[in-house]
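*Asks:* Sharing a structure, written as structure tokens. Questions coming.
The values are calculated or read from the model by the stated rules, or taken from the named source; none is laboratory data. Remember, it's a predicted structure, so these values are computed and weren't measured experimentally. For neighbour counting, all protein chains shown are included, and Cβ atoms are generated from backbone atoms with ideal geometry for every residue, glycine included.
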Amino acid sequence: MKHFRRNDQVIVISGDDRGKSGKILKVMRDKDRVIVEKVNFVKRHTKPRGAGRTGGILEKEAPIHVSNVMHLCPKCQAGGHITVRAGSDGARERYCSRCGETIPRVI
């Protein structure tokens, strides 16, 4: 769980959306869940509230458990585990355990 960060590319490995990939929009560490872009859509029926908001059926992404997603390596384009090691400057860096490529930190 500690290796998932916002803007990481992940692939869904189980469930209805298996095989889809996307970017992590939000990480909920206390619930062990992530929200992935364009994955696990749910419909939300809303009533109009106030003058500026219209009612209707909205579609939005719902959280998915972290055990159902895997990091997508930018080099080998496959799902893999992420390992942490000390970099050349002594800072911790994440890398793909399959190909050894460093996972860049996207902010």
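*Asks:* Inside segment 56-107, can you point out the residues that are closer than 22 Å to Asn40 by Cβ and of a type in the set (D, E, K, R)?
*Replies:* Glu59, Lys60, Glu61
*Asks:* If I filter segment 88-107 down to residues being part of a loop (DSSP other than H, G, I, E, B) and among the polar types (S, T, N, Q), which single residue comes out as modelled with the highest pLDDT?
*Replies:* Ranking the qualifying residues of segment 88-107, first place goes to Ser97.
*Asks:* Search segment 1-25 for residues being exposed (fewer than 13 other Cβ atoms within 10 Å of the Cβ) and among the charged types (D, E, K, R), and hand back the single one that is farthest from Glu37 (Cα to Cα).
*Replies:* Lys2
*Asks:* Also, quick follow-up: For segment 86-98, does any single residue satisfy the condition of being of a type in the set (A, V, I, L, M) and farther than 24 Å from Gly22 by Cβ?
*Replies:* Yes: segment 86-98 contains one or more residues that are of a type in the set (A, V, I, L, M) and farther than 24 Å from Gly22 by Cβ.
*Asks:* If you scan segment 7-32, which residues turn out to be part of a loop (DSSP other than H, G, I, E, B) and in contact (Cβ under 8 Å) with a residue 60 or more places away in the chain?
*Replies:* Once the filter is applied, which keeps residues that are part of a loop (DSSP other than H, G, I, E, B) and in contact (Cβ under 8 Å) with a residue 60 or more places away in the chain, segment 7-32 yields Asn7, Asp8, Ile13.
*Asks:* How many residues are in contact with a Ser or Thr (Cβ under 9 Å, 6 or more places away or on another chain) and polar (S, T, N, Q) if we restrict to segment 1-40?
*Replies:* Residues that pass the stated criteria total 2.
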